[in-house]
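One structure is given below, encoded as structure tokens.
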Amino acid sequence: MNILDLNRRNFLGNMTTGLTGVALSRLLGSDLQGAASLQPHFAPKAKQVLQIFCPGAASHLDLWDHKPMLEKYDGTPMPGAEKEVTFQGKNGNLMKSPWPFVPTGQSGKMLSSLLPHMGRHADEIAFIHSMVSRSNTHGPGCIGMNTCFTREGFPSAGAWVNYALGSMNENLPTYVSIQDMRGEPPNGKANWSHGFLPAQYQAVSMSAQQPLRNLERPASISAAEDAETRELLATLNKAHAAANPDNDELVARMAAYRLAAKMQLAAPEVSELSREPKHIHALYGTQDANKLKAAYASNCLLARRFLEQGVRYVSLYCASRASAVDGLLNWDAHKTLKADYERHCPIFDQPTAALLTDLKQRGMLDNVLVIWCTEFGRMPTHQEGTSGRDHNPDAFTTWMMGAGVKGGVSHGATDDIGRKSVQDVATVYDFYATVLHLLGLDHEKLTYYHNGANRRLTDIHGHLIQGILA
């Protein structure tokens with residue numbers, strides 16, 4: 001029997017769906033992307049984004065935001081809030097950082113002595129010291145920092161960029177999320193989800209330790225036979241899609257299969273880190289005796305290789321979910337701040353700084369925007385009965401570097417002890433309005449119609465953070 005069963009009855013019955021398939025293939029385009037424009041609204045300063053995310057609420061007061069007054073009044077009650085109760089209960093007295101801050105770069109920017117490698121990039125980074133969050137809980141906080149909404153079901157920033165600008169490389173994903181070997185961050189895949197956008201805009205999740213599997217063509221199948229099979233499969237998929245025009249999950253699977261075929265050649269080459277010279281591995285620390293550091297360093301190197309091949313948006317995670325022991329798997333140092341950060345900072349510092357150095361020396365920062373994120377900050381006090389800090393949604397630091405960013409600046413400020421953001425207060429809406437602007441996108445014009453409304457990444461909010469723009 002003919003594979004399409006072209007008898008008279010089926011021929012007449014399938015005419016409508018066949019024509020629909022032609023229209024569908026036209027709408028989907030060569031990569032089944034189908035975005036609104038695939039063009040920026042104006043000339044972009046950046047073409048790609050590298051997002052570095054430290055889940056667990058990395059402490060601004062112990063990494064980026066120097067507070068001499070906190071050192072001066074260490075051990076005394078927090079003025080006006082002696083009995084303040086926060087996320088995990090009552091707070092104790094003010095607590096200075098266990099590590100000294102030191103001047104870095106020509107600007108003399110004060111950064112923690114725990115970050116000697118990152119300090120070498122201080123003159124190229126724009127710090128935003130006045131961030132606030134809408135949540136003091138890790139799961140909602142993480143997806144809030146990735147999607148601008150504290151509820152699941154909304155597209156991540158990377159998915160929006162994928163939708164708006166599409167691919168720069170037909171053989172690799174447009175959006176990649178590189179997971180820490182310790183596991184996924186709080187709320188997991190919701191951090192890189194497509195939300196209500198068509199499913200093909202979500203990230204492909206992988207890492208240096210868990211590369212894409214089953215990409216090799218079996219030896220029993222020739223290259224010609226493989227190509228003919230893919231062509232037949234494409235024909236059948238288009239016919240099936242035409243019969244199910246509202247099934248975006250189906251469209252995403254079709255796009256994924258087509259991309260997988262292309263990735264059979266491209267992905268193994270990109271993820272083969274052994275091709276890098278020894279001095280690059282030494283720069284990143286991929287052979288470090290600390291296995292967690294070596295794994296994160298390998299992920300940093302993988303991120304550079306993806307960006308080098310034109311992947312549009314790369315999310316790179318350093319640490320993972322919460323655990324029964326606070327601060328063991330991520331930056332959530334409720335009880336033992338000193339021990340926790342002396343474990344996490346060496347994992348983060350050298351590999352991240354090496355990635356920035358490598359991007360710079362290859363000239364890639366002309367096109368790549370680097371953003372560093374965490375979900376909220378920490379309290380300037382210690383939790384009662386502990387030597388750690390509780391959650392603080394009212395003050396934290398993020399930063400940007402690279403294409404379109406003015407280096408060596410510190411935008412906004414917290415109060416004298418780092419409890420609240422008080423000057424040029426910035427929200428996640430402002431943060432991503434600025435990211436989109438650097439990519440040539442107007443955050444008010446980038447919309448998608450869903451449930452009766454034109455939805456935006458920035459909801460109904462957002463202003464550019466002008467002070468960090470070059």
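Within the stretch 389-404, track down each residue that is under 16 Å from Arg419 (Cβ atoms) and part of a loop (DSSP other than H, G, I, E, B). Full working, then the answer.
Step one: list which residues in the stretch 389-404 are under 16 Å from Arg419 (Cβ atoms), which gives 389-397.
Hits for the stretch 389-404 are Arg389, Asp390, Pro393, Asp394, Ala395.
How many residues does the stretch 411-427 contain that are within 17 Å of Ser59 (Cβ to Cβ) and not in a loop (DSSP other than H, G, I, E, B)?
Total meeting the criteria: 3.
Just checking, how many residues over the stretch 112-167 are in contact with a Leu (Cβ under 7 Å, 6 or more places away or on another chain) and either assigned to a strand (DSSP E or B) or among the basic types (Lys, Arg) (or both)?
1
In the set Trp192, Trp160, which member is out of contact with any helix residue (DSSP H, G or I) (no Cβ under 7 Å at 6 or more places or on another chain) and in contact (Cβ under 8 Å) with a residue 12 or more places away in the chain? Lay out the reasoning, then the answer.
Numbers: Trp192 fails: out of contact with any helix residue (DSSP H, G or I) (no Cβ under 7 Å at 6 or more places or on another chain).
Of the residues listed, the single one that is out of contact with any helix residue (DSSP H, G or I) (no Cβ under 7 Å at 6 or more places or on another chain) and in contact (Cβ under 8 Å) with a residue 12 or more places away in the chain is Trp160.
For (1) farther than 21 Å from Val314 by Cα; (2) outside any loop (DSSP other than H, G, I, E, B); (3) touching a Phe, Trp or Tyr at 6+ places or on another chain (Cβ under 8 Å); (4) at pLDDT 50 or above, each residue gets a yes or a no:
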position	(1), (2), (3), (4)
Leu27	yes, yes, no, no
His41	yes, no, no, yes
Gln51	no, yes, yes, yes
Ala58	no, no, yes, yes
Met69	yes, yes, no, yes
Asp74	yes, no, no, yes
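Can we say Thr434 is of a type in the set (S, T, N, Q), in a loop (DSSP other than H, G, I, E, B) and surrounded by 14 or more Cβ atoms within 10 Å (Cβ to Cβ)?
Values: of a type in the set (S, T, N, Q): yes; in a loop (DSSP other than H, G, I, E, B): no; surrounded by 14 or more Cβ atoms within 10 Å (Cβ to Cβ): yes.
For Thr434, the condition - of a type in the set (S, T, N, Q), in a loop (DSSP other than H, G, I, E, B) and surrounded by 14 or more Cβ atoms within 10 Å (Cβ to Cβ) - is not met.
Let's see how each residue does on (1) more than 30 Å from Asn367 (Cβ to Cβ); (2) of a type in the set (Val, Ile, Thr); (3) touching a Cys at 6+ places or on another chain (Cβ under 9 Å); (4) surrounded by 21 or more Cβ atoms within 10 Å (Cβ to Cβ):
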| position | (1), (2), (3), (4) |
| --- | --- |
| Met95 | yes, no, no, yes |
| Val102 | yes, yes, no, no |
| Leu114 | yes, no, yes, yes |
| Asn136 | yes, no, no, no |
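Within the stretch 323-374, how many residues turn out to be among the aliphatic types (A, V, I, L, M), in contact (Cβ under 8 Å) with a residue 24 or more places away in the chain and within 15 Å of Arg389 (Cβ to Cβ)?
Step one: filter the stretch 323-374 for residues among the aliphatic types (A, V, I, L, M), giving 324-325, 328-329, 333, 337, 339, 347, 353-356, 359, 364-365, 368-371.
Adding the requirement that they be in contact (Cβ under 8 Å) with a residue 24 or more places away in the chain leaves 329, 333, 337, 347, 353-356, 359, 364-365, 368-371.
With the extra rule that they be within 15 Å of Arg389 (Cβ to Cβ), the set shrinks to 333, 337.
Total satisfying the criteria: 2.
Considering Leu337, Leu302, which residue is of a type in the set (A, V, I, L, M) and farther than 24 Å from Gly418 by Cα? Give the derivation first.
Numbers: Leu337 fails: farther than 24 Å from Gly418 by Cα.
The conditions single out Leu302.
Tally time: how many residues in the stretch 191-247 are at pLDDT below 85 and at positive phi?
1
Consider the stretch 168-206. How many of its residues are among the hydroxyl-bearing types (Ser, Thr, Tyr) and not in a loop (DSSP other than H, G, I, E, B)?
Taking the stretch 168-206 as the starting set, the residues that turn out to be among the hydroxyl-bearing types (Ser, Thr, Tyr) are 174-175, 177, 193, 201, 205.
Now narrow it down to the ones that are not in a loop (DSSP other than H, G, I, E, B): 175, 177, 201, 205.
Residues meeting the conditions: 4.
Take the stretch 361-388 and flag every residue that is of a type in the set (D, E, K, R) and in a strand (DSSP E or B). Spell out how you get there, then give the answer.
If we filter the stretch 361-388 for residues that are of a type in the set (D, E, K, R), which is where we start, we get 362, 366, 375, 378, 384.
Passing the criteria: only Arg378.
For the stretch 123-148, give me each residue that is over 20 Å from Ala319 (Cβ atoms) and in contact with a Pro (Cβ under 9 Å, 6 or more places away or on another chain).
Of everything in the stretch 123-148, those that are over 20 Å from Ala319 (Cβ atoms) and in contact with a Pro (Cβ under 9 Å, 6 or more places away or on another chain) turn out to be Val132, Arg134.
If only one of Thr458, Thr386 is out of contact with any strand residue (DSSP E or B) (no Cβ under 8 Å at 6 or more places or on another chain), of a type in the set (Ser, Thr, Tyr) and more than 25 Å from Leu359 (Cα to Cα), which one is it? Let's see the steps before the verdict.
Numbers: Thr386 fails: out of contact with any strand residue (DSSP E or B) (no Cβ under 8 Å at 6 or more places or on another chain).
Of the residues listed, the single one that is out of contact with any strand residue (DSSP E or B) (no Cβ under 8 Å at 6 or more places or on another chain), of a type in the set (Ser, Thr, Tyr) and more than 25 Å from Leu359 (Cα to Cα) is Thr458.
Can you pull out every residue in the stretch 140-162 that is in contact with a Lys or Arg (Cβ under 9 Å, 6 or more places away or on another chain) and small (Gly, Ala, Ser)?
Within the stretch 140-162, Gly141, Gly144, Gly158 qualify.
Restricting to the stretch 50-90, what's the tally of residues that are closer than 30 Å to Asn367 by Cβ and of a type in the set (Gly, Ala, Ser)?
At the first step, the residues of the stretch 50-90 found to be closer than 30 Å to Asn367 by Cβ are 50-55, 58, 60, 63-65.
Then drop every residue that is not of a type in the set (Gly, Ala, Ser), which leaves 58.
Counting residues in the stretch 50-90 that are closer than 30 Å to Asn367 by Cβ and of a type in the set (Gly, Ala, Ser) gives 1.
Given the residues Ala324, Ala297, Ala303, which is the only one that is out of contact with any Gly (no Cβ under 8 Å at 6 or more places or on another chain), surrounded by 22 or more Cβ atoms within 10 Å (Cβ to Cβ) and among the small types (Gly, Ala, Ser)? Full working, then the answer.
Numbers: Ala324 fails: surrounded by 22 or more Cβ atoms within 10 Å (Cβ to Cβ); Ala297 fails: out of contact with any Gly (no Cβ under 8 Å at 6 or more places or on another chain).
Just one listed residue meets the conditions, Ala303.
The values are calculated or read from the model by the stated rules, or taken from the named source; none is laboratory data. These figures come from a predicted structure and were not determined experimentally. Neighbour counts run over all protein chains shown; Cβ positions are idealised from the backbone, glycine included.
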